[in-house]
Structures are given as structure tokens and as C-alpha cells.
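These notes concern the structure reproduced below.
The values are calculated or read from the model by the stated rules, or taken from the named source; none is laboratory data. For clarity, every value in this text was computed on a predicted model and none was experimentally measured. Cβ: placed from backbone, ideal geometry, glycine included. Neighbour counts: every protein chain shown. These area figures cover heavy atoms from the full protein model, side chains too; ligands, DNA and RNA do not enter into them. Shrake-Rupley method; radii C 1.70, N 1.55, O 1.52, S 1.80 Å.
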Amino acid sequence: MDFTDRRTLGRTGLQVSRIGLASGYNAPAGAVHRAMDEHGINYFYWDRRRPMMAGAIRELASTRRQEMYIAVQSYDHLGFWLSGSVERALRKLGTDYADILFLGWHNSMPSARVMEAALRLKESGKIRFLGFTGHNRKFHGKMARSTDSPFDVQMIRYSAAHRGAESEVFHELPANRPGITTYTATRWGKLLDPKKMPHGETPLTAAECYRFVLSSTAVDLCLMGPRTMEEFQQGIEALRDGPLSQDEMERVRRIGDHVHG
């Protein structure tokens, strides 16, 4: 397994980098350019509440839109504002369409109004694929195995300290499965915190956290949300270093158990 190779994002057929860049922590604009130009990262997840990445994505999209995949998210649970929020995101990012729209924070099937609005966006070409996020792993597992799920991609919380997805979502996935992307690989920084470690253990690095997630054969892509270029470099190290060894995996799981417990 080579993390520098592109991966097919489930049934979407998109060939994505194993690390994706998310705007959640105001990733520096320079990281967007370096991600694509120097490291082959081609997946960019933009949350409109975090504006810093928008200009860099817009600049790249003006000349290289076919080389990149842009995901946006909406938290509209009523369906009244979904279309408008997507249109505003597209204008902000300087593109006519998003590759993926994620319906955010859904722990059960979104309402009929939300789904109708989302599917209209898909039919109009404003989005290519539909995804959802949420913390209910049983619902994620149900959708991942459903033959008639409307979702092309799922975004799941997964880290060394939150491994329930291994049994509830990743186990025995069908061949025609949705794309699986993950977030919070560092468990919001707790796996990096010396104060959270077992006695005598040094904290994990962000690179080790990403490598743990990507070592799962079910995971197509892991998001990182760097706040600095130094944090961005940790994701690049994960791509370079590849899967964890058996000893490294045992250590990461041991620390994850402690942090979770």
C-alpha cells in the first residue's frame, strides 16, 4: 500500500489523493498551492464558515478545475436554504459546480425536503455527487451497505481513539460501496497532547494519526485541517511514510485506547 497513489473514491469513480485538505482550522492559503503543486493532493473540502482557503481554491480553479475535486457542506436541516447556500459557495470558490455536496450532521435520513433540494442540485449539475456526515455509526453502516442509498460518499469520524467504525461501518462493505472519507484523525489534538498519554509514552505525531487512519483498507481519504505550514507538513510525512508497521500499529492503538478510556 503506497499512500502517494491515488485511490478510487468508492462508486463515484473519482481518483483522489489519500489526504484531503480541509478548511476547518483556517488552513493557510500557501498550503493549498503546495498541496496540489508539490504533493499531488487534489481533494479540497471547504466549509463556508472558514473563509481563508477560498481565495486559494478560486485561484487554482480558474486554470486547473479539471485537476481538482472540491467538496462543500451545508448544515441546512430544513431544505429551505440548501440551494442558496450551495450557490453562494460556488460563487465564493469561482466554480460552476462542486464535485461533492455533504449534508452535515445527519444521524438519520435527512428530511424529504432536504433530499429533494439536494437531488435537484445534482440533476442541475451544480453538484456531481451527494454525501453526508454524522456521528451515528449504525446509520453510516446501514447506508454503506444499502443497495438503494442516495449517498455517493460518506464522511465518518475515525481515529485511533474512535475505532467503532471498524466494526460498525467498515466491516464487509459491498463492492459497489460509497466513497469513505474520514475526519478528526488526531481526535481534535488529544492524541498529540503529552498530558493525555499513558505513563512513559511519548505523544503521537499527526503523521502517525493520519497513517493509522489510512492503513485501513476501507478508508479512501483522510482529511487534514492544518492551522500552520508545520502542521501541513505532518500530512505530507504521512503520505511519504506509508502504512504503520506492526509495532507502530500496536503503539498507536494502545495510546488510542488510553485516550478514549
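Every listed requirement among (1) crowded, with 17+ Cβ neighbours inside 10 Å; (2) more than 19 Å from G134 (Cα to Cα) is met by H33 save one, (1).
In this entry, K195 passes the filter for residues that are farther than 19 Å from A27 by Cβ, surrounded by fewer than 24 Cβ atoms within 10 Å (Cβ to Cβ) and free of Cβ contacts under 8 Å to residues at least 60 places away in the same chain. Filter the range 1-26 down to the residues that are aliphatic (A, V, I, L, M) and out of contact with any Phe, Trp or Tyr (no Cβ under 7 Å at 6 or more places or on another chain), then identify the one that is surrounded by the most Cβ atoms within 10 Å (Cβ to Cβ). So the residue we want is L9. Which condition breaks for G131 when tested against (1) over 16 Å from the mean Cα position of the chain (by Cα); (2) surrounded by 22 or more Cβ atoms within 10 Å (Cβ to Cβ)? Tallying (1) over 16 Å from the mean Cα position of the chain (by Cα); (2) surrounded by 22 or more Cβ atoms within 10 Å (Cβ to Cβ), G131 fails exactly one: (1).
In the range 1-23, the residues that are over 24 Å from R34 (Cβ atoms) and touching a residue at least 24 places away in the same chain (Cβ under 8 Å) reach residues that are open to solvent by 10 Å² or more (accessible area, probe 1.4 Å) and among the polar types (S, T, N, Q) with C-beta atoms within less than 7 angstrom, at least six apart or across chains, in these pairs: T8/Q15; R11/N176.
Counted as qualifying within the range 1-111 are no helices (runs of 4 or more DSSP H), as none has 3 or more residues that are of a type in the set (S, T, N, Q) and more than 25 Å from P243 (Cα to Cα). Just one residue in the set P174, P110, P178 is surrounded by fewer than 18 Cβ atoms within 10 Å (Cβ to Cβ) and either in contact (Cβ under 8 Å) with a residue 12 or more places away in the chain or among the polar types (S, T, N, Q) (or both); that residue is P174.
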